[in-house]
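Each value in this text was obtained by applying a stated rule to the coordinates, not by laboratory testing. Since this is a predicted model, take the numbers as computed values, not measurements. When we count neighbours, we look across all protein chains shown, and the Cβ atoms used for this are built from the backbone with ideal geometry, even at glycine.
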Ligand code: HDD
Ligand code: HEM
Ligand code: HEM
């Protein structure tokens, strides 16, 4: 049963990065869109993520619940040592969610829109940055459970080159996902051309940031090169991802909506998979050398069993209805309904 | 401010903020579904307008509920890591089921908000009902988790170890039913009277009177019935804690000395040092009767507990008086409403009548916050009653007071913005009435 829980944990993280990521990315794209295009991109964003926005962020909540029910030691340790970045991420989540809805439901369209837009774009950037940073800090090996000084216990675990570079990498990935996703929604040629350029820009940014991550890891003694050398599986996965990225680059202007999205999704999934494979079964790596793994940090006995059943039961309800929701709104979209 | 106090305040502020949006999220879908049903049956366009007007408000409240809830699921760890280390696996069952309920709610809301004129009318109506039912389910589940903190069950506590954990038994602890019942009713009372009050005010202003009357009646039908049932459910809760958490009951009643045939104390200021209550009205034997159904029964007082296990008497007592006092006032308003619908139809338009309900707008929510203060402060000094002390659960990180200030700042700004948006939304109602006849009208303004 523990494996069911682990699979769900991995699955929720993956879906949060993919769906939530595309969602954050839309705000990041908005940030790098010239003023004259902004309104169009905004409308496009709203049409695409409006109906599923709320469902996207549920994956984060599921992840958190799985952590505190199934792996309480992990939840507790990260809450203590990564208190500060977690708070900053929360501020991002609050700002983003509220600004997104407020700007579309405000009955009057006036200067308040400027405020909402500012909060929306800035927090679209802040949230994934800290998400990536927290993820990196958890496996970066700088958490010191025995530290007594403030900086050592609460700051250095996450304020370091490796974590920051993974934060930037995550932002790039989100922008990449959203750009590719939005290409499929473009209303006219000009818009499409614009979005294709953005997609390529973010592909470059992702590759570049990925390089920086490895560099930072080397400098900080985080054993990450194993990901590239030595492990045949991870090397294979990353190679496939690279191929997919190249195909995407070339085919983007012509490829159908489904293909380009599938490729983009595949790239991100592959990166996460390689990371996951490389680190399994560790979740938290501490400087003391005693790592928390999905095995030694799991709750003992019945809680794991009931959690697994609750998750299985839940997915029987959720997956079909979520699928139907996405299907309904995809199906009925037609070019005529595209205003902008 | 010391860190423990700051953490307690931060938790209280966050929960006190979330609960308002959670209640609205639980109850408004039922109001919308009722009005939507009326529309489908009678085809009166005003009902459609009402449903839509409400649903825009709900979208704003929903997102605020969702983000504040997300904050809470992190805060449990950020503030109380040592509590979650042990409690997580034990009281996690409701949270894992709640995930499903939230998800269904979010999906159904997607269908409902974006589904006008896209699906068959009854399927569309049904998605609205699903929003309500799953909202209620999540409310009940999370209250079951809170009830576990009051009435720990489903594990053996041996030498500081939590053994033989059974999450199902933990979920169905002794307190879950009474708390869930009382909470559900409270959500209907507080939202019902708040909504009715706002629409009563609009009727007084003479705008779209017919529209606002429909809204007023729907809100009060739900709120009124719940308000009348509330004291009954409150009595069940009181009888329950008299047995389970006698220290909390004693603090609520400022009952210092154990004795038989104990009077009920109404109002008054507890004087904790001298163990007496000043300026109170006493009803002989009534507390014994309310707690145990017998005027002569013994009621345990605070003297049975060591000083360090006493909850803060002043806060608990006053909060309890506020809840019960407002509860009774709301029962009065509800009876007045039902009486006038039955016998005195002309009152429904009278200005004094509408003003009474305008004044009633905040009362339900004040009672709700007061009630939670009773439950949570009355549990102190325990975070898990009788098992783990709050002071032993707090995070070791220093400077929690700064995050408290930040959160208070954020919540105050959010409250201001939400109020501002709501006022704009209400002012915009005549607009939507004019457009109402156009079936293709886009229900959501997009700034394209
Ligand atoms: C509209 C709000 C509202 C109203 C009118 C009342 N209550 Fe209440 N009360 C709550 C809202 C509330 C609550 C939702 O805030 C609490 C906190 C925890 C809970 O389960 O319900 C609560 C708790 C609570 C408790 C503590 C339960 C526990 O700790 O387990 C008692 C004994 C009562 N109530 C009793 C009453 C009585 C006798 C009322 C008579 C009119 C009353 N309440 C009206
Ligand atoms: C008695 C207390 C509580 C009640 C009755 C309650 C009820 C609800 C309801 C009905 C919602 C749906 C939001 C809406 O429709 O606007 C909600 C949202 C949420 N609540 Fe609470 N809640 C309570 C306390 C908590 C606590 C303590 C937590 C955290 C551990 C929590 C976590 C959440 C989360 C994560 C959401 C967002 C779900 C979403 O995105 O839809 N809640 N709550
Ligand atoms: C939404 C309605 C709720 C409100 C308004 C509320 C209110 C409060 C208040 C006022 C405190 C501070 C008590 C004190 O320190 O004197 C508190 C503490 C706390 N509450 Fe609640 N509460 C609610 C529901 C819940 C739920 C559903 C849970 C968990 C499942 C919960 C968990 C906690 C925890 C962990 C603390 C901190 C420890 C403590 O002070 O005992 N609360 N809450």
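Observations, loosely collected:
- Sum of -39500 (n - 2.57) over DSSP H runs of 4+, divided by residues of chain B (222 nm, nearest 500): -24500 deg cm²/dmol
- Based on DSSP H segments of at least four residues, each scored -39500 (n - 2.57), chain A has a per-residue ellipticity at 222 nm of -25000 deg cm²/dmol.
- Result for chain B in a Gaussian network model with C-alpha springs under 10 Å: among B:152, B:311, B:398, the largest mean-square fluctuation is at B:398.
- Helix A:189-219 and the longest principal axis of the C-alpha atoms of chain A enclose an angle of approximately 20°.
- Axis angle, to the nearest 10 degrees, between helix A:2-15 and the longest C-alpha principal axis of chain A: 40 degrees.
- Where the Cα pairs of region B:84-167 fall when distances are cut into 10 Å bins, in %: 18, 35, 21, 15, 9, 2, 0
- Each of A:221, B:159, B:3 was scored by other Cβ atoms within 10 Å of its Cβ. Arranged with the fewest first, they read B:159, A:221, B:3.
- Taking every alpha-carbon pair under 8 Å whose residues sit at least 6 apart, region A:2-338 reaches a relative contact order of 23 percent.
- Gyration tensor verdict on the protein assembly as shown (Cα atoms; rounded if a/c is under 1.5, prolate if a/b is larger than b/c, oblate otherwise): oblate
- Angle in degrees between helix A:72-81 and the longest Cα principal axis of chain A, rounded to the nearest 10: 80
- Within a Gaussian network of chain A (alpha carbon springs, distance under 10 Å), most fluctuating of A:98, A:45, A:170: A:98
- Along its three principal directions, the equivalent ellipsoid of chain B from the Cα gyration tensor extends over semi-axes of 40, 27, 19 Å, largest first.
- Cα shape, region B:178-221, gyration tensor, a/c 1.5 rule: prolate
- Take each residue of peptide A:150-158, count the partner chain Cβ atoms within 10 Å of its Cβ, and average: the result is 1.
- Highest GNM mean-square fluctuation among B:318, B:60, B:384, for chain B modelled with Cα contacts below 10 Å: B:60.
- Length-normalised contact order for region B:219-300 - Cα pairs under 8 Å, 6+ apart - percent: 28
- Between region B:394-412 and region A:94-109, the alpha-carbon centres lie 25 Å apart.
- Of B:382, B:355, the sequence from fewest to most neighbouring Cβ atoms within 10 angstrom is B:355, B:382.
- Relative contact order (%) - criterion: Cα under 8 Å, at least six apart; region: chain B: 19
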